[in-house]
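Below is one structure, written out as C-alpha cells; the observations come after it.
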Amino acid sequence: MANETYLCIKDIKPGLKNVNVVFIVLEIGRVTKTKDGHEVRACKVADKTGSITISVWDELGSLIQPGDIIRLTKGYASLWKGCLTLYTGRGGDLQKIGEFCMVYSEVPNFSEPSSDHPGQPNKVVGLSHAAPFWGLPSAPPSSSPCVLKLLRLENTDLDGDLLCYLLLISFGACL
C-alpha cells in the first residue's frame, strides 16, 4: 500500500483502471437485483474535489453506511447509462478506514450525465447554508431509547467553495 497513488474524484475519467481513491459515503441507493440474482447498490460518495457514484455489489453493499470513510483500491471507472461510475475491479477492495470526519464537496457531481468530466471547478448555485449547530432538533426525554440522527450541514469557506459536514447526534439512553 505504501507505493499506491491515490486520485482525487475530479481526476477520475471513463476507462481509467487501477483507481485508488479515498471517499466518504453520502447516500446509499435502493437495492436492485440483476437477472443473475446479484444485489447492486448505487452509492453517492465524495472527496474534497466533488462527488461520484460507485456501484457496490452483493454483501459488500449491505455493509457500508452513510458517513463511512472508505478506501477503494484497484477500482475502475466507466460510463453506465451515460453516467461516470466507479466499480471495484478484479482483485480490488473497499476498506472502511474511518467515520464522519472528512472534508468533502458534493459539487461538481461527476456522475451527472451533463457533467463535463474533465475537472470542473466547484460551483455553488442556490444552495442553502447552515452554520454548525443551527436548527438542530430538540432532544427527546432522557428516558427515551437511544436515537441517532445523522445531519448534513453545508457552509462555504472564504474562497466560496462548498463545505459539507456530517454530524452524528445521539439522544436518549445511548451508551
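Computed from the coordinates by the stated procedures, all read-outs in this text should not be read as laboratory data. Bear in mind the structure is a predicted one, so any value in this text is a computation, not a measurement. Here the Cβ is made from the backbone with ideal geometry for all residues, glycine too, and neighbour counts use every protein chain on show.
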(request) Tell me the label-point distance for the pair LYS48, PHE100, using the 7 Å Cα-to-Cβ offset, in nm and rounded to one decimal. (result) 2.2 nm
(message) Show me, for segment 66-79, the HN-Hα J-couplings you get by feeding each phi into the Karplus relation (A = 6.51, B = -1.76, C = 1.60, θ = phi - 60°), rounded to Hz, glycine and proline as x.
(response) x, x, 5, 9, 10, 9, 9, 10, 6, x, 8, 10, 8, 8
(request) Per residue, how big is the convex hull around the C-alpha atoms of segment 1-105? Give it to me in cubic angstrom, could you? (result) 104 Å³
(request) May I ask you to list the residues of segment 1-38 whose amide nitrogen lies under 11 Å from a point 7 Å from Cα along the Cα→beta-carbon direction of SER78? (result) 15-16
(request) Give me CYS8, CYS101, CYS43 ranked fewest to most by other Cβ atoms within 10 Å of their Cβ, as a rough exposure proxy. (result) CYS101, CYS8, CYS43
(request) Tell me which residues come under 5 Å, amide H to amide H, from GLY89 once H is placed; ignore anything under 5 positions away on its chain. (result) GLY75, TYR76
(request) Add +1 for every Lys or Arg and -1 for every Asp or Glu among the other residues with Cβ under 11 Å from the Cβ of LYS17, and state the total. (result) +3
(message) Taking 20 Å as the cut-off for C-alpha to C-alpha distance, list the pairs among LYS48/LYS81; LYS10/LYS44; LYS35/LYS81 that go past it.
(response) LYS48/LYS81
(request) Grab the Cα-Cα distance for ASP11 and THR32, subtract it from 0.36 nm times how many residues apart they are, and report the gain in nm with one decimal. (result) 4.7 nm
(request) Quantify how much of the Cα-Cα distance distribution of segment 22-71 extends past 16 Å, in percent. (result) 35 percent
(request) Taking amide H positions as placed in the peptide plane 1.01 Å from N, state which residues far from GLY98 in sequence (5 or more) or on other chains have amide H under 5 Å from it. (result) ILE69
